[in-house]
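Have a look at the structure below before the remarks.
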Amino acid sequence: MAGPVGGSDDEPIAAINVVPLVDIILVVLIIFMVTAPLVLKPTIDINLPKASSGDASAPTPLNIAVNKDGAISLNGQASTLADVTAYASKIVAEKPDTAAILQADRSVTLETLTSIIDVVKSAGIKKVAFSIEKK
């Protein structure tokens, strides 16, 4: 199977058998496909609410995420309400028309969301958008 049928036995085999190479490449591809979702898992596990209406928003430097336990994350880093206030004030000083995007787990209480929106608005941010999943 390694060489052509017929011909002399003294000649070296110059053809490469491609089938094992393809098998190895496919196995490596499957390994990458299985492990990629595990590596790309977000830093905060948020179960966003679903809505049938909603528009895409432009990227913003102020992304606030709240997980189901009420832990706040500012641009992917764990933070507190005081950190959010300081960062929002700094962003408003640089660019007054900045909007904030709020990603909250569907089990987060209205009280928690209201306090975060209040902190953001008191820092001078005029627009607050909510991140949702399309139905």
How much length, in nm to one decimal, is gained on full extension between T114 and D23, taken as 0.36 nm per residue of separation minus their Cα-Cα distance? 27.2 nm
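Once R0 is set to 25 Å, what does the formula 1/(1 + (r/R0)^6) return for the Cβ-Cβ distance between A93 and A71, expressed as a FRET efficiency to the nearest 0.05?
Using R0 = 25 Å, I get an efficiency of 0.40.
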Taking 25 Å as R0, compute the FRET efficiency from the Cβ-Cβ separation of D83 and K127 and round it to 0.05. 0.80
Taking region 50-134, how many lysine pairs are there with alpha carbons less than 27 Å apart, if each pair must be eight or more places apart or span two chains? 17
Quick shape check on region 50-134: root eigenvalues a ≥ b ≥ c of the Cα gyration tensor, a/c under 1.5 is rounded, otherwise prolate if a/b tops b/c, else oblate, and it reads oblate
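Here, each number is a calculation from the coordinates, and none is a lab measurement. None of the values given here were measured: they were computed from a predicted structure. Cβ sites come from the backbone with ideal geometry, for glycine too, and all protein chains shown count toward neighbours.
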